[in-house]
1. Test of understanding: express the Cα radius of gyration of the range 115-169 as a ratio to 2.2 N^0.38 Å, with N the residue count.
2. Using the Karplus equation 6.51 cos²θ - 1.76 cosθ + 1.60 (θ = phi - 60°), what ³J(HN,Hα) coupling, rounded to whole Hz, does each residue of the range 148-163 give in order, writing x for Gly and Pro?
3. What is the fewest-to-most order of Lys79, Lys100, Lys26 by other Cβ atoms lying within 10 Å of their Cβ?
4. To the nearest whole percent, what portion of all C-alpha pairs in the range 29-165 is separated by more than 23 angstrom?
5. Fewest first, what order do Ser43, Ser14 take by the number of other Cβ atoms within 10 Å?
6. Please list, in order along the range 123-134, the HN-Hα scalar couplings obtained from phi with the Karplus expression 6.51 cos²θ - 1.76 cosθ + 1.60 (θ = phi - 60°), rounded to whole Hz, x for Gly and Pro.
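Just so you know, all these numbers are worked out from the coordinates, no wet-lab data involved. The structure presented is a predicted model; accordingly, all values stated were derived computationally and were not measured. Please note: Cβ atoms are built from the backbone with ideal geometry, for glycine as well, and neighbour counts cover all protein chains shown.
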Amino acid sequence: MHKSNLYTKVGDKSTTKIFNDICVTKNSALINAIGNIDELSSSISIIYNYDNNPEIKNYLLEIQNTLQTLNSQLAGCAKNNIKPEEAKKIENIIDKLSEKIEPNNKFLLLNNTLASAFCNFTRTIARRAERSIVDLSAQQNVSPEILTYMNRLADLFFIIARVLDGKQA
């Protein structure tokens, strides 16, 4: 019978291991940021499974892959880095999707479909993740590419929620 390596028992002492077996406390700013990114990616999976738009599904998968790279970078894996063009890709997607909706200058309740509601919820998780990375940047060097990418990502989820919601006003 195969023995599981899933549990290390390191967490029993309120620590966890990151890249290169470095132990950090579970309440550190780093683990908080990594956990928020992980939660964001999980929330994206919900949107992915509630919507059938192949274009948006492709965007979501690409974002999840980039978030994995981002988490690796935060954890200290130097070979995985967010590149400046990642934020530009998000801006291009925002511009493309914005063409499908009417301009808006008022508060919107994005709850017309389950996919749009989850997308709006994901937007709030993205903002929380961004704030936790800003907190982390006060303690350690965080690349500006990460901060820019996270800022654009929440904007993107607002636009995707509007597209999925179908509201044009």
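1. Values: Rg = 13.2 Å, N = 55, 2.2 N^0.38 = 10.1 Å.
Expressed relative to 2.2 N^0.38 Å, the Cα Rg reads 1.31.
2. With the stated coefficients, the range 148-163 comes to 5, 4, 5, 5, 5, 4, 5, 4, 4, 5, 5, 5, 4, 4, 5, 4 Hz.
3. Details: Lys79 7, Lys100 10, Lys26 13.
Starting with the residue having the fewest Cβ neighbours, the order is Lys79, Lys100, Lys26.
4. On the way: 2753 of 9316 pairs.
The answer is 30 percent, as a whole percent.
5. Working: Ser43 20, Ser14 9.
Placing the least packed residue first, the sequence is Ser14, Ser43.
6. Each residue's phi maps through the Karplus curve to give 4, 5, 5, 4, 5, 5, 4, 4, 4, 5, 6, 4 Hz.
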